[in-house]
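Contents: one structure, followed by commentary.
Only the coordinates and a few stated rules stand behind these numbers; no lab work does. Keep in mind that this is a model prediction, so the values were computed, not measured. Here the Cβ is made from the backbone with ideal geometry for all residues, glycine too, and neighbour counts use every protein chain on show.
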Amino acid sequence: MTAEDAAASGEGPTPLVMRGISKSFGGVVALRDADFVLRRGEIHGLVGENGAGKSTLMKIIAGLHAQYQGGMMIDGREVHFRSAREALAAGIGMVHQELSVVPDLTVAENVYLGKQPTRAGMVDWRSMFAGARAHLASLGIDVDPRARMGSLAIGLQQLIELARVLFSGARIIILDEPTSALSPPEVHRLFEVLRAVRASGRSIIFISHFLDDVLAIADTVTIFRNGRRIVTEDAAKIDKGWVIERMIGSGHEDLEESYTGAIALDSKPGAPVILAVRGLCAGRAFADISLDVRAGEVLGVYGFMGCGQIELARALFGKLKSTAGTLTSDGKVLRLRNTADARRAGVAFVPESRRSMLFYQEPVYKNMSISVLGRIARLWLKPATERDIARRHVEALSIRPPTVEALLQSLSGGNQQKVALAKWLTWPPRMLVLSEPTRGMDVSAKEDVVKIVRGLRDRGLGIVVMSTEPETVLSLADRIVVMKKGRIVREFAGETVSKDRLLEAA
Ligand SMILES: Nc1ncnc2c1ncn2[C@@H]1O[C@H](COP(=O)(O)OP(=O)(O)OP(=O)(O)O)[C@@H](O)[C@H]1O
Ligand SMILES: [Mg+2]
């Protein structure tokens, strides 16, 4: 038997075995006596609540945390990586939860990151562009290798980052939340790539809060809770309810039901219009958008990545200039030349990328007050009040760890997202535009967000939720418009709607 046959038949030493892994950050225990085994040629789904320790475990494998207790074996050999370089050399590749591409470099440079082909000591651009194009095409990714990375849609950037990891020759591939920014067709393509990678005998760890995705692609599923492995099971033997119960306990069927079953929309056609949008256009981003935002109603805007909804959100917040059409509020035409105009008109915005509005080196409580108050108003607020307000949010949103003093960078991804949302809850605006409000959140965190958004709606706010995730729109919206190629193609109001019907319309 050749080495390839052995790999394909799943024989040979186990690619990864971890035993008794413990890791703390100051007083916070991230992993306690955790174990994990990855077999050859398998896709291993890893799930657990926000803060369960998934990313920390993966960063240990990828050499990013050198300080930890416990043992790790790669292909039967004891290892303890001191750096990412050592892990890379041992065949570990990781796509991080937070995108880590270099936006100012070309696609090809990102694919070849750190290993550009040279000729007579110079970067060989010609072979780099050709090589990147061929590699990406082999993965079904059709993109110009000369394009600047930052100019591409996030979903595409995520796929290219995966391409880079595959290109590096990694045999153990870690994907931390790879589908969060992908549209359904992109997820489909990603899965095809992953199946091909599996067929070549490489192993994949797939982390996601989209349990449907995990159950669809994984051979094996491991559940983490409070820094420990709770259980590992064949994916074919389990279903979503089983997974959720072990992740967070029972009693969360309602939300999950809204993901799979049909939702009766509770639209409020008679409610006062806070903002009337008519014939709004913005260059090539979107065209002829007309919709009403009503008091006490959540309007969902659904569409695939790149359908123009992100640009529409920006236009509603004065961040993107519209080229035609009108916005009317209380019978007055609004001219939103900048975000200050929008804020004066009572519009608040929570963007999809939390990086742009959070301060990672600052404690949680400051992150909850800074943008709400603006620099000047902050001076009026006593530090004690600032902390008190933050403490209430931390409690209401079940933010972990439950302290307002923790630095933002020490929170898990899902908890950072809650902080981003909390900023706008202190003095609710008239209208709130949320872009991807539950991205990266676990089931119970999503429930917290649903509760908060409904609470604000019931206080009379007009809320617009933009998302590429059907689940997010279905769990939050009272009325839904579907966007496609920059236009509204469908509206669902006062009727029953399901994930399938949304996907069909998009
Ligand atoms: N650099 C850090 N400094 C301090 N604490 C940290 C750091 N990284 C992680 N933690 C803490 O370790 C725990 C586990 O976090 P981790 O990021 O591994 O969770 P996760 O399972 O990946 O969650 P999510 O689904 O939200 O991404 C959390 O309590 C987190 O706050
Ligand atoms: Mg994580």
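Compared with the direct C-alpha span, the chain from Asp388 to Arg77 gains 106.8 nm at full extension, assuming 0.36 nm per residue. Cα centroid separation, the range 185-246 to the range 324-343: 46 Å.
Among Met73, Val231, Leu280, whose Cα sits farthest toward the positive end of the charge dipole of the chain (+1 at Cβ of Lys/Arg, -1 at Cβ of Asp/Glu, about the Cα centre)? Highest projection toward the positive end goes to Leu280.
Taking every DSSP beta bridge that has both ends in the chain, the antiparallel portion is near 55%.
Once backbone amide H atoms are built at 1.01 Å from N, Thr106 has Met149 as its partners under 5 Å, excluding neighbours fewer than 5 places away on the same chain. Looking at the chain, the pairs of alpha carbons with a distance over 45 Å make up 14% of the total.
Rounded to the nearest 20 debye, the dipole magnitude of the chain is 1960 debye, with +1 charges on Lys and Arg beta carbons, -1 on Asp and Glu beta carbons, and the Cα centre as origin. With K and R counted +1 and D and E -1, the other residues having a Cβ less than 10 Å from that of Asp75 yield a net charge of +3.
Using only side-chain charges placed at the Cβ, +1 for Lys and Arg and -1 for Asp and Glu, the dipole size of the range 3-250 relative to its Cα centre rounds to 580 debye. Using a cut-off of 32 Å between Cα atoms, the listed pairs Lys237/Lys485; Lys115/Lys423; Lys115/Lys484; Lys54/Lys237 include Lys237/Lys485; Lys115/Lys423; Lys115/Lys484 as exceeding that distance. Net charge of the neighbourhood of Met483, taken over other residues with C-beta under 13 Å away and scored Lys/Arg +1, Asp/Glu -1, is +1.
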